[in-house]
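Notes follow the structure.
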Amino acid sequence: MITKKIKDLISYILFLVFAIILVDLIINFFLPQEIKKKIGITKNYSLKSKEFHHVLAPKINVNEFWGDRKYKVITNEYGMRIDKNYKIDIGKKNIGFIGDSFVYGTGMDFKNHFINLTKITNDKYNYLNLGYVSHSPSIYFKKLFYFINNKNLDFKKIFIFIDTSDVQDEGLFYREDKQGNIVRKSESDQEIKNKNFKYIFKNYIKQNSFIFKFYEAFIKGTGQMGESLCLNNKENINDFKKYLDYDRYGYAFDKKISSKEWAIEGQKKILNYLSKIKNLLDNNNIEMIIVYYPSALDILKNNKNKEDSDHFKMLNSWSKKNDVNLIDTQNEFFKKKDPINNYKTNHIICDVHWNENGHQIIAKKIVDYLNKN
């Protein structure tokens, strides 16, 4: 008797769960896209991609949370971050900016993003944000090829931001499969194939289920433990370095890290993909510009001498060899005498990304370059 009651209870619970999920998906199926894509947070719209590993969904208008910051993320039909109501003017030439979370604008309202600040100062072009979180040069190349050849976007210039974290991404995390897609280095082709099939359904559920959106927003959580500890005591912290990922952002001046196998491989892959990007852009008569900036860790360590930076030396040497202009922002991030003041002035506290002032530095450098070229 007890066994039958337990079985009946389990059956009832399973039926109830199935019914809730079904109703959830049916409601979302009939919701207009313009309403649906305003519900949730950016986590719900960070989708797995066969070609680019992961992308941000197009035409969303949702909130994003980063540490103690809340801000709006709006994308156009290409999945590029834009300001509200911004549309590409077909009468203007396009300038693209590609990189990882720094270009995407993590922690930043778009009105304070360097791309928008550049547009306000110089409105001669369409400024397109091609960046996204944890992308790296192999993905930059794939995305540029896609937008130029598949979407027929005509660019006049492309500004490329190579972050210190790109070395770790290329050395440890990403590889190119036989089809030229960017995939996880730790997973086999068969594992990737199986996951890509599953992600067809997962991508749909992430965007079309209230339950899944609630789960990602409130149960999975946001941020890391170290970041939370730092934010809770940020006014009393004198050493922010221990809260930042040292291997990921500190390799440039640390020979122990830069001599590791993954760091050497990461640098080689960056140079290889930079050459591929240059060939692609040259063939389409598009100017390539590299933007160099110091990492937050190097600022906190007061590593002022860029000539000792493996990262700067790599980019500067390649740029000179290939006749590519390099914008150097180094001095602008070291204007104060105290390293902590330099960090706090230009970066989000307890984080590596630029704050409003950091974005102003980048915008000014871009505007100066455009005015001269």
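The values are calculated or read from the model by the stated rules, or taken from the named source; none is laboratory data. In this text, all values refer to a predicted model and were calculated from it rather than measured experimentally. All Cβ positions, glycine included, derive from the backbone under ideal geometry; neighbour counts span all protein chains shown.
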Looking at Ile41, Ile60, can you tell me which residue is touching a helix residue (DSSP H, G or I) at 6+ places or on another chain (Cβ under 8 Å), under 21 Å from Tyr215 (Cβ atoms), at pLDDT 95 or above and of a type in the set (Val, Ile, Thr)?
Ile60
Under 7 Å between Cβ atoms, at least 6 apart or on separate chains: pull out the pairs that start in the range 306-321 with a residue that is more than 13 Å from Ile270 (Cα to Cα) and end on any residue that is outside any helix (DSSP H, G or I) and polar (S, T, N, Q).
Ser309/Asn303
Would you confirm, using the coordinates I've provided, whether Val183 is in a helix (DSSP H, G or I), out of contact with any Leu (no Cβ under 8 Å at 6 or more places or on another chain) and either closer than 19 Å to His53 by Cβ or among the β-branched types (Val, Ile, Thr) (or both)?
no
Would you mention how many residues in the range 78-106 are over 11 Å from the mean Cα position of the chain (by Cα), farther than 19 Å from Lys142 by Cβ and in a loop (DSSP other than H, G, I, E, B)?
10
State all residues of the range 301-318 that are buried (at least 18 other Cβ atoms within 10 Å of the Cβ) and in a helix (DSSP H, G or I); if no residue qualifies, say none.
Lys306, Asp310, His311, Phe312, Met314, Leu315, Trp318
Filter the range 14-34 for residues that are in a helix (DSSP H, G or I) and over 15 Å from Lys206 (Cα atoms) and give the result.
Leu14, Phe15, Leu16, Val17, Phe18, Ala19, Ile20, Val23, Phe30, Glu34
Report yes if some residue within the range 26-38 is within 14 Å of the chain's Cα centre (by Cα) and farther than 14 Å from Tyr104 by Cα; otherwise report no.
no
Odd one out for Asp163, checked against (1) more than 20 Å from Ala263 (Cβ to Cβ); (2) in a loop (DSSP other than H, G, I, E, B); (3) in contact with a helix residue (DSSP H, G or I) (Cβ under 7 Å, 6 or more places away or on another chain)
(1)
Looking at (1) modelled with pLDDT of 95 or more; (2) more than 27 Å from Ile148 (Cα to Cα), find the lone condition where Ile290 falls short.
(2)
So is Leu144 surrounded by 13 or more Cβ atoms within 10 Å (Cβ to Cβ), among the aliphatic types (A, V, I, L, M) and without any contact (Cβ under 8 Å) to a residue 24 or more places away in the chain or not?
no
Going through the range 261-270 one residue at a time, which ones are in contact (Cβ under 8 Å) with a residue 24 or more places away in the chain, surrounded by fewer than 18 Cβ atoms within 10 Å (Cβ to Cβ) and not hydrophobic (A, V, I, L, M, F, W, C)?
Glu261, Glu265
Just to be sure I understand the filter: pairs with C-beta atoms under 8 Å, separated by 6 or more residues or on different chains, first member in the range 236-254 and farther than 16 Å from Ile340 by Cβ and among the acidic types (Asp, Glu), second member at pLDDT 90 or above and not in a helix (DSSP H, G or I). Which pairs pass?
Asp245/Val352
